[in-house]
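The values are calculated or read from the model by the stated rules, or taken from the named source; none is laboratory data. What you are looking at is a predicted structure, and each value in this text was computed from that prediction instead of being measured. Neighbour counts are summed over all protein chains in view; Cβ atoms, including those assigned to glycine, are modelled from backbone coordinates with ideal geometry.
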Amino acid sequence: MIPIAMPLLGETEADAARNAVLSGWVSQGPEVGRFETEFAAFVGADHACAVSNCTTALHLALLGVGVGPGDEVVTVSHSFIAGANAIRQCGAMPVFVDIEQSGFNIDPQAVAAALTPRTRAILCVHQIGMPCDMGALMTIANSFGLPVIEDAACGAGSEIRIDGAWQKIGRPIGDVVCFSFHPRKVITTGEGGMLTTNRADLDAGFRLRRQHGMSVSDTKRHASASVVFETYPVRGYNYRMTDIQAAIGRAQLQRLPEIVARRRELADRYHGAIESMPGLTPPVEPSWARSNWQSYCVSLARGVDQKKLMQRMLDRGVATRRGIMNVHLEGAYSGLDLTHALSRSEMARDRCILLPLYAQMTDEEQDKVLTVLQEAMSTLQTTPLRQKIKA
Ligand SMILES: *Cc1c(COP(=O)(O)O)cnc(C)c1O
């Protein structure tokens with residue numbers, strides 16, 4: 001069985017967790033501090049704040065830029081539901097806009113059309129690791145004075161070219177960038193998240209709110225030679241990462257360049273093979289983006305039965321997933337007033353499949369995926385699909 005994804009974990013991570021346990025400090029402590037410093041340096045941000053997962057990171061990011069009850073946040077429906085949930089958690093409403101014509105990222109023109117006097121922030125997503133069009137988004141955001149939060153849950157190790165220079169996703173182009181370290185992402189801490197920003201005021205707010213709104217952290221009190229009484233100036237949460245997770249995260253971060261390099265190699269191989277397969281269109285990488293290929297999303301021509309294709313592949317031992325979910329099609333958001341067209345989002349969910357991709361995948365395994373894909377396609381095609389159809 002070839003799974004859709006697999007984290008790359010080994011002795012290094014096991015040793016890191018063991019050392020953290022044996023250090024006697026297992027909750028948020030020195031390892032979290034080191035992970036933050038190293039992550040900030042890796043992406044090129046002034047500050048990094050570790051939290052329990054990316055959903056809590058998004059919640060803190062939205063609160064940090066001032067999102068509250070009655071506000072609107074413009075975002076995509078074509079994304080994991082956590083983004084919309086974090087907006088609701090603030091008492092605000094998501095305003096869903098469509099994705100671009102080619103690709104799976106937020107359409108900047110649709111964002112511009114969705115702004116109202118109630119818009120408080122833009123939440124864009126570097127979907128499945130592919131950088132979204134930050135240049136166009138920032139032009140719009142800046143002209144309306146709106147903060148931008150980048151959901152880079154899947155984006156660790158991806159790069160974007162801004163003003164002629166390549167930089168890592170995580171060096172903030174907007175105000176805050178949020179990452180996930182769930183096992184389905186490119187590096188993992190089991191559960192975990194990170195916020196990066198260049199704004200010291202925002203970073204200070206994240207640190208306060210992730211720890212019950214407590215004015216002095218445990219590490220500071222522990223290290224202090226004099227008695228310290230903490231205060232609670234704001235209402236906060238327990239969104240802390242543990243030192244065991246941070247220790248694993250530091251080991252994973254060391255491997256990230258190697259993981260991304262292999263993923264890119266595999267994506268190139270998929271691309272080369274799928275380009276010539278009738279009925280299938282490989283994903284597009286803009287000239288200003290370098291994906292980490294957290295997922296490899298293939299578009300199916302009209303007439304290809306998505307579910308049947310996935311079932312045939314599963315029967316032959318290859319796991320796939322359908323395209324990215326649409327939040328507006330889920331029961332949790334059924335009452336929502338939808339003002340903007342979401343047809344491309346719906347098409348991307350229902351006419352795409354994600355193929356297996358993970359760093360330790362061998363060329364032979366990938367060849368099996370391609371063979372199974374090709375054979376499943378040929379048994380499915382009732383109408384001839386000799387012509388390539390652009391997604
Ligand atoms: C995975 C994911 C999240 C949620 O991350 P968690 O760490 O599981 O909370 C949020 N947004 C996107 C786009 C994701 O893919």
| remark: Of 386, 344, the only residue that is at pLDDT 95 or above and either in a loop (DSSP other than H, G, I, E, B) or touching a strand residue (DSSP E or B) at 6+ places or on another chain (Cβ under 9 Å) (or both) is 344
| query | Is there a residue being farther than 29 Å from residue 246 by Cβ, within 16 Å of the ligand (Cβ to nearest atom) and either of a type in the set (Gly, Ala, Ser) or out of contact with any Ser or Thr (no Cβ under 7 Å at 6 or more places or on another chain) (or both) anywhere in the range 52-73? | reply | yes
| request: Please list, ordered by first then second residue, the pairs with beta carbon atoms under 6 Å, 6 or more apart or interchain, first in the range 286-300 and assigned to a strand (DSSP E or B), second of a type in the set (Phe, Trp, Tyr). | output: 296/270
| field | Among residues of the range 119-161, those that are touching a residue at least 40 places away in the same chain (Cβ under 8 Å), over 21 Å from residue 256 (Cα atoms) and not in a helix (DSSP H, G or I), counted | value | 9
| query | Can we say residue 91 is within 15 Å of the ligand (Cβ to nearest atom), small (Gly, Ala, Ser), over 17 Å from residue 326 (Cα atoms) and out of contact with any strand residue (DSSP E or B) (no Cβ under 7 Å at 6 or more places or on another chain)? | reply | no
| task | Kindly indicate which of 304, 298 is surrounded by 17 or more Cβ atoms within 10 Å (Cβ to Cβ) and closer than 13 Å to residue 356 by Cα. | result | 298
| message | For the range 163-180, give me the residue count where each residue is over 12 Å from residue 48 (Cβ atoms) and within 16 Å of the ligand (Cβ to nearest atom). | response | 3
| query | Is it true that some residue in the range 257-266 is surrounded by fewer than 19 Cβ atoms within 10 Å (Cβ to Cβ), of a type in the set (A, V, I, L, M) and within 22 Å of the chain's Cα centre (by Cα)? | reply | yes
| query | Any idea which residue in the range 19-36 is surrounded by the fewest Cβ atoms within 10 Å (Cβ to Cβ), counting only those that are assigned to a helix (DSSP H, G or I) and of a type in the set (Val, Ile, Thr)? | reply | 21
| field | Residues satisfying the stated conditions in the range 43-100, i.e. touching a residue at least 60 places away in the same chain (Cβ under 8 Å), closer than 21 Å to residue 208 by Cβ and either assigned by TED's automatic domain parsing to the domain that holds residue 285 or in a loop (DSSP other than H, G, I, E, B) (or both) | value | 45, 46, 52, 53, 65, 66
| request: Kindly indicate the residue of the range 74-87 that is of a type in the set (S, T, N, Q) and surrounded by 24 or more Cβ atoms within 10 Å (Cβ to Cβ) and also nearest to the ligand (Cβ to nearest atom) among those meeting that condition. | output: 79
| field | So residue 37, is it within 16 Å of the ligand (Cβ to nearest atom) and under 21 Å from the mean Cα position of the chain (by Cα) | value | no
| request: Kindly check whether there is at least one residue in the range 133-141 that is modelled with pLDDT of 95 or more, of a type in the set (Val, Ile, Thr) and within 17 Å of the chain's Cα centre (by Cα). | output: no
| remark: (1) surrounded by fewer than 20 Cβ atoms within 10 Å (Cβ to Cβ); (2) within 26 Å of the chain's Cα centre (by Cα) all hold for residue 312 apart from (2)
